[in-house]
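Enquirer: Structure in structure tokens, see below.
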Amino acid sequence: MEIRDLLAVARLADLRNFTTTAEALHITQPTLSRIIAALEEELGVILFRRGWNGVEATAMGELVSHHARQIVGAIEDAADQAGLPPAQRHKFQKSLSFSLLEVIDAVRRNGGASPAANELGRSQPSISRAISDFQKYSGLVIFDRARHGLTAMPAASVLSDLLSILRTQVERMRNQIQQQKGHVTGRIAIGVLPFSGQDIIPRVFAQISLKYPLVRLVFVPGTYTGLVDALRLGEIEGFVGVMRGYRCPADLRESRLFDEKFTIVARKDHPVHQAGRDLHDLERETWLVPPHGSPVRAFFEQLCAQYDISPPVQTCEIQFFSAVEEMLSAGDAIAMQTYSDARLQRLRPDLRQVAVDLPENTVPIALTTSPDTPPSPIFEEFLRLIQIYAQEFH
């Protein structure tokens, strides 16, 4: 393991993209891939995997990234202490290695290249060359040549201290990896369609977090098309939303979880609660409804055609219940969403269901998965828990 490997991990964890990270490190993307692969093989863990928004760190990757960021911070502190100007810091960081720092530390302690070479089992010319090349490349003077050897400048002590700090971080990292290798790790990424079944996933995630604290949990809101693509690419394990039935792609599988109901909701003190008896009474109201192509929008338009009404419509592409409900609370619009009985019972106090009967308003909520992808042990636990919690939504 080298310092550059850990710098690459820290940058990749932050940027989450191999190409962008390689550009930031001034190396090629294949070189970066080899660095990460070699480090994963050395540590015996997987650090990164492809995710919904690019490269994602695994649980072990998060651990290594944490220590890598500590190392980056220590290097930046050393540059500050050595008085390096910003223009020289990239070369300083790029040229650092454990081998170089060991040479500087040995020369500082022994007062010359020859005794340092004896201690390290290297030749004196190689020691002198390493120091000379580093000073020329980084612009940092660490030793001054005197009659009786090399005199350490203040920067030499800074780099000796840096070596000790980095060794400690690496040792802690290795120890923590060994301690956690016996624990269940992994990742679960579950997609959620707008306005349907959003409550159940956080509940399942909470139970998994309690039992398996090293498992990475990813909640992914998105459109139906986007989540289907993500599922096929293996970026998510499944997604929850309104059941599509015969419109579900043939290569995917839907598992019914529970039923919700198409429901109209408005601000608690909205005049519609006094005036509304059927949809004709709501024709002049401004409606918040999801975009075309969503099941809620299709049901809404079906009702409008059935009752021959054309109400003002505000297309709402917000992905979360809470955001739509906040809009209702702060405005005069009414909205059609899908609610389970359990969620209606917990409806925020400043909102109220509009008492209008909607024909055939039951809508099944399903978990969509790929039958071609064998479930991991942690995803099997997710499947078990989601079936249990689904019973609360009946």
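The values are calculated or read from the model by the stated rules, or taken from the named source; none is laboratory data. Bear in mind the structure is a predicted one, so any value in this text is a computation, not a measurement. A quick note on method: Cβ atoms are made from the backbone with ideal geometry, for glycine too, and the neighbour counts reach across all protein chains shown. Side chains included, ligands, DNA and RNA excluded: accessible areas come from the protein's heavy atoms. Shrake-Rupley method; radii C 1.70, N 1.55, O 1.52, S 1.80 Å.
Enquirer: Here's a check for you: in the stretch 193-212, which residue that is small (Gly, Ala, Ser) and modelled with pLDDT under 85 is surrounded by the fewest Cβ atoms within 10 Å (Cβ to Cβ)? It would help to see each step written out before you state the result.
Expert: Taking the stretch 193-212 as the starting set, the residues that turn out to be small (Gly, Ala, Ser) are 196-197, 206, 209.
Within this subset, residues satisfying the condition of being modelled with pLDDT under 85 are 196-197.
Working: 196: 24, 197: 27.
So the residue we want is 196.
Enquirer: Would you check if there is a residue in the stretch 371-385 being in contact (Cβ under 8 Å) with a residue 60 or more places away in the chain, open to solvent by 20 Å² or more (accessible area, probe 1.4 Å), within 25 Å of residue 259 (Cβ to Cβ) and not in a loop (DSSP other than H, G, I, E, B)?
Expert: Yes: one or more hits.
Enquirer: Let me ask something additional. Go over the candidates 311, 290 one by one and state the one that is under 33 Å from the mean Cα position of the chain (by Cα) and either closer than 15 Å to residue 193 by Cα or of a type outside the set (Asp, Glu) (or both). Reasoning before the result, please.
Expert: Numbers: 311 fails: under 33 Å from the mean Cα position of the chain (by Cα).
Exactly one of 311, 290 is under 33 Å from the mean Cα position of the chain (by Cα) and either closer than 15 Å to residue 193 by Cα or of a type outside the set (Asp, Glu) (or both), namely 290.
Okay, residues lined up against (1) buried (at least 17 other Cβ atoms within 10 Å of the Cβ); (2) within 30 Å of residue 387 (Cβ to Cβ):
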position	(1), (2)
273	no, no
316	yes, no
330	no, no
362	no, yes
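Enquirer: If you don't mind, another one. Scan the stretch 16-27 for residues that are open to solvent by 70 Å² or more (accessible area, probe 1.4 Å) and either under 14 Å from the mean Cα position of the chain (by Cα) or within 15 Å of residue 57 (Cβ to Cβ) (or both) and jot them down.
Expert: Here is the first cut: in the stretch 16-27, the residues open to solvent by 70 Å² or more (accessible area, probe 1.4 Å) are 16, 19, 23, 26.
The one that is open to solvent by 70 Å² or more (accessible area, probe 1.4 Å) and either under 14 Å from the mean Cα position of the chain (by Cα) or within 15 Å of residue 57 (Cβ to Cβ) (or both): 16.
Enquirer: For the stretch 323-332, what are the residues that are out of contact with any Lys or Arg (no Cβ under 7 Å at 6 or more places or on another chain) and either touching a residue at least 60 places away in the same chain (Cβ under 8 Å) or part of a strand (DSSP E or B) (or both)? Walk me through how you get there before you give the answer.
Expert: Our first condition is that a residue be out of contact with any Lys or Arg (no Cβ under 7 Å at 6 or more places or on another chain); within the stretch 323-332, this holds for 323-324, 326-327, 330-332.
Those that are out of contact with any Lys or Arg (no Cβ under 7 Å at 6 or more places or on another chain) and either touching a residue at least 60 places away in the same chain (Cβ under 8 Å) or part of a strand (DSSP E or B) (or both): 324, 331, 332.
Enquirer: Would you check which residues across the stretch 205-222 are among the charged types (D, E, K, R) and part of a strand (DSSP E or B) and list them? If you could, list the steps in order and put the result at the bottom.
Expert: Kept after step one, since they are among the charged types (D, E, K, R), are these residues of the stretch 205-222: 211, 216.
216, the sole residue that qualifies.
Enquirer: In the list 342, 366, 335, which residue meets the criterion of being in a helix (DSSP H, G or I) and closer than 22 Å to residue 296 by Cβ?
Expert: Numbers: 366 fails: in a helix (DSSP H, G or I); 335 fails: in a helix (DSSP H, G or I).
Sole residue among the options that is in a helix (DSSP H, G or I) and closer than 22 Å to residue 296 by Cβ: 342.
Enquirer: Based on what the data block shows, is residue 367 out of contact with any Ser or Thr (no Cβ under 9 Å at 6 or more places or on another chain), among the aliphatic types (A, V, I, L, M) and open to solvent by less than 50 Å² (accessible area, probe 1.4 Å)?
Expert: Details: out of contact with any Ser or Thr (no Cβ under 9 Å at 6 or more places or on another chain): no; among the aliphatic types (A, V, I, L, M): yes; open to solvent by less than 50 Å² (accessible area, probe 1.4 Å): yes.
Taking the combined requirement at face value, the residue does not satisfy it.
Enquirer: Right, here's the next one. What is the residue count in the stretch 284-308 for residues that are surrounded by 15 or more Cβ atoms within 10 Å (Cβ to Cβ) and assigned to a loop (DSSP other than H, G, I, E, B)?
Expert: Residues flagged as surrounded by 15 or more Cβ atoms within 10 Å (Cβ to Cβ) and assigned to a loop (DSSP other than H, G, I, E, B) within the stretch 284-308 amount to 3.
Enquirer: Suppose we keep only residues that are of a type outside the set (A, V, I, L, M, F, W, C) and outside any loop (DSSP other than H, G, I, E, B) within the stretch 223-240. Which one would you say is least open to solvent (accessible area, probe 1.4 Å)?
Expert: First, the residues of the stretch 223-240 that are of a type outside the set (A, V, I, L, M, F, W, C): 223-226, 229, 232, 234-235, 237-238.
Within this subset, residues satisfying the condition of being outside any loop (DSSP other than H, G, I, E, B) are 224-226, 229, 232, 238.
On the way: 224: 37, 225: 96, 226: 23, 229: 73, 232: 127, 238: 0 Å².
Here the residue is 238.
Conditions (1) over 30 Å from residue 228 (Cα atoms); (2) part of a helix (DSSP H, G or I), marked per residue:
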residue	(1), (2)
1	yes, no
10	yes, yes
30	no, yes
41	yes, yes
78	yes, yes
81	yes, yes
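Enquirer: Next question, about the same structure. On the basis of being out of contact with any Leu (no Cβ under 8 Å at 6 or more places or on another chain) and under 29 Å from residue 119 (Cα atoms), does residue 42 make the cut?
Expert: Details: out of contact with any Leu (no Cβ under 8 Å at 6 or more places or on another chain): yes; under 29 Å from residue 119 (Cα atoms): yes.
Yes: the conditions hold for residue 42.
Enquirer: Quickly run through the stretch 193-204 and pick out the residues that are within 30 Å of residue 292 (Cβ to Cβ) and assigned to a helix (DSSP H, G or I).
Expert: Let us first name the residues in the stretch 193-204 that are within 30 Å of residue 292 (Cβ to Cβ), namely 193-202.
Of everything in the stretch 193-204, those that are within 30 Å of residue 292 (Cβ to Cβ) and assigned to a helix (DSSP H, G or I) turn out to be 200, 201, 202.
Enquirer: Further question: I need a count of the residues in the stretch 49-76 that are at pLDDT 90 or above and in contact with a strand residue (DSSP E or B) (Cβ under 7 Å, 6 or more places away or on another chain).
Expert: Summing the residues that are at pLDDT 90 or above and in contact with a strand residue (DSSP E or B) (Cβ under 7 Å, 6 or more places away or on another chain) in the stretch 49-76 gives 1.
Enquirer: Exactly one of these conditions fails for residue 37: (1) part of a helix (DSSP H, G or I); (2) surrounded by 15 or more Cβ atoms within 10 Å (Cβ to Cβ); (3) not polar (S, T, N, Q). Give me its number.
Expert: (2)
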